[in-house]
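Colleague: What follows is a single structure, and I will ask about it in a moment.
The values are calculated or read from the model by the stated rules, or taken from the named source; none is laboratory data. Just so it is clear, the model here is predicted, and its values are computed rather than measured. Reconstructed Cβ throughout: ideal geometry from the backbone, glycine too, with neighbour counts over all protein chains shown. What goes into the accessible areas is simple: the full protein's heavy atoms, side chains included, and nothing from ligands, DNA or RNA. Shrake-Rupley method; radii C 1.70, N 1.55, O 1.52, S 1.80 Å.
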Amino acid sequence: MDAFYASVEQRDNPDYRGKPLVVGGSPKERGVVAAASYEARKYGIHSAMPSRVAISKCPHLIFVRPRFEVYRAVSEQIHSIFEHYTDLFEPVALDEAYLDVTQNKQNLSYASTIARHIKAAILEETGLTATAGVSFNKFLAKMASGLNKPNGLWVILPEQAEAFVQQLPIEKFHGIGEVTAAKMHELGIRTGADLSRKSLSELTQHFGKVGQHYYKIARGQDDRAVEPNRIRKSIGAETSFAEDLHERASMLVELEQIAQILYERTNKHQASGRTLTLKVKFSDYQLLTRSKTLMSPIGELDRIAAVARELFEAIDMEERGVRLLGISLSNLDNVKSAKRIQLSLFE
């Protein structure tokens, strides 16, 4: 879906249309951006950005509180449309899914035709636009989905895959974030062509088990199946700081921000967890984790923040600076586990 949360708000309120808008917490409350409209993105605003930074980039930015019950209802509408074509669909979030249409209920010969039908049905039933990526595996379909937004459709054929991957900047690869991209740059890897020249042993040496995945996608290969019932085991959020934090008060403020991001993610994926884990990396690179398991699931922002603070306050900082803080929830209880809720494997 195109800027899903923000587009729903613009659909439901004509005054918001054509204006820079974000869904998220107020800058006065140290909130974060959960979603940004395309008008807001022109100012460099994106999800997970602190609201105070977003408002500094666009002083006339509109802030809207998230309405997750509405987004879930729209997501259910979209899933119902998918079911007219295939039962093999794997939601990555409320606004995104992989569909295997090799065998489809409409007996259509081309996946691109199915994509056009689905896009048209979504627009007719919800008033919202979607962008589709079509290819012969998950990785390439995901990459294709980002090439013609918004309201677009892009196809990568088998005979186009190698050339497409070869020219792709490494930062554009789905599943390769800023930290991994920087490490790849140090190894002389800047494009898919560079990545494909690395052996499997080199990539696993530098990146561990995920190196196998990098080896395959550099060749346009991805044998992961569409798994309708796959559920992620944990959801987390963390922040690395450009400069080490030394004041405990500053650390607590950042922890509140991370709790807010985690809360948005658990809401997005309709999940709560019984175990909360706090992650602290010190300036000397020592990594420390502390966990607490509760009898009932944690899903509310206040509880996430309170348990994280409790774990943090029990840590002896020994006057060391902190370079990273993170919070995660595990032992997940999905509100609609039968509805195939999953986070992206490399999110």
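Colleague: Can you find, within region 99-124, the residue that is nearest to Leu88 (Cα to Cα) among those that are open to solvent by 80 Å² or more (accessible area, probe 1.4 Å) and under 25 Å from the mean Cα position of the chain (by Cα)?
Modeller: Result: Arg116.
Colleague: One residue is enough: does region 282-305 have a residue meeting the conditions open to solvent by 50 Å² or more (accessible area, probe 1.4 Å), assigned to a loop (DSSP other than H, G, I, E, B) and under 29 Å from Ala73 (Cβ atoms)?
Modeller: Yes, there is a match, as at least one residue in region 282-305 is open to solvent by 50 Å² or more (accessible area, probe 1.4 Å), assigned to a loop (DSSP other than H, G, I, E, B) and under 29 Å from Ala73 (Cβ atoms).
Colleague: Hey, another quick one. Return a yes/no flag: does region 78-85 have any residue that is crowded, with 18+ Cβ neighbours inside 10 Å, in contact with a Lys or Arg (Cβ under 9 Å, 6 or more places away or on another chain), over 17 Å from Ser37 (Cα atoms) and in contact (Cβ under 8 Å) with a residue 12 or more places away in the chain.
Modeller: Yes, region 78-85 contains a residue that is crowded, with 18+ Cβ neighbours inside 10 Å, in contact with a Lys or Arg (Cβ under 9 Å, 6 or more places away or on another chain), over 17 Å from Ser37 (Cα atoms) and in contact (Cβ under 8 Å) with a residue 12 or more places away in the chain.
Colleague: Please work out which residue is farthest from the chain's Cα centre (by Cα), limiting yourself to region 221-244 and to residues that are over 18 Å from Val32 (Cβ atoms) and modelled with pLDDT under 80.
Modeller: Glu243
Colleague: Show me the strands (runs of 3 or more DSSP E) found entirely inside region 132-246 where at least 1 residues are more than 30 Å from Pro50 (Cβ to Cβ) and not β-branched (Val, Ile, Thr).
Modeller: 132-134, 153-155
Colleague: Moving on. List, please: which pairs have Cβ atoms under 7 Å, are six or more places apart or on different chains, and start with a residue in region 166-184 that is more than 16 Å from Lys216 (Cα to Cα) and end with one that is assigned to a helix (DSSP H, G or I) and of a type in the set (Gly, Ala, Ser)?
Modeller: Glu171/Ala181
Colleague: Can you name every residue in region 314-334 that is among the acidic types (Asp, Glu) and within 13 Å of Thr289 (Cα to Cα)?
Modeller: Result: Asp316, single match.
Colleague: Please tell me if Gly24 is in contact with a Phe, Trp or Tyr (Cβ under 7 Å, 6 or more places away or on another chain), open to solvent by less than 50 Å² (accessible area, probe 1.4 Å) and not basic (Lys, Arg).
Modeller: For Gly24, the condition - in contact with a Phe, Trp or Tyr (Cβ under 7 Å, 6 or more places away or on another chain), open to solvent by less than 50 Å² (accessible area, probe 1.4 Å) and not basic (Lys, Arg) - is met.
Colleague: Under 6 Å between Cβ atoms, at least 6 apart or on separate chains: pull out the pairs that start in region 295-318 with a residue that is touching a residue at least 12 places away in the same chain (Cβ under 8 Å) and end on any residue that is open to solvent by less than 100 Å² (accessible area, probe 1.4 Å) and of a type in the set (Phe, Trp, Tyr).
Modeller: Leu301/Tyr263; Ile304/Tyr263
Colleague: So the check is Cβ under 7 Å with 6+ separation or different chains; which pairs have a first residue in region 245-273 that's of a type in the set (S, T, N, Q) and at pLDDT below 85 and a second one that's surrounded by 19 or more Cβ atoms within 10 Å (Cβ to Cβ) and assigned to a helix (DSSP H, G or I)?
Modeller: Pairs found: none.
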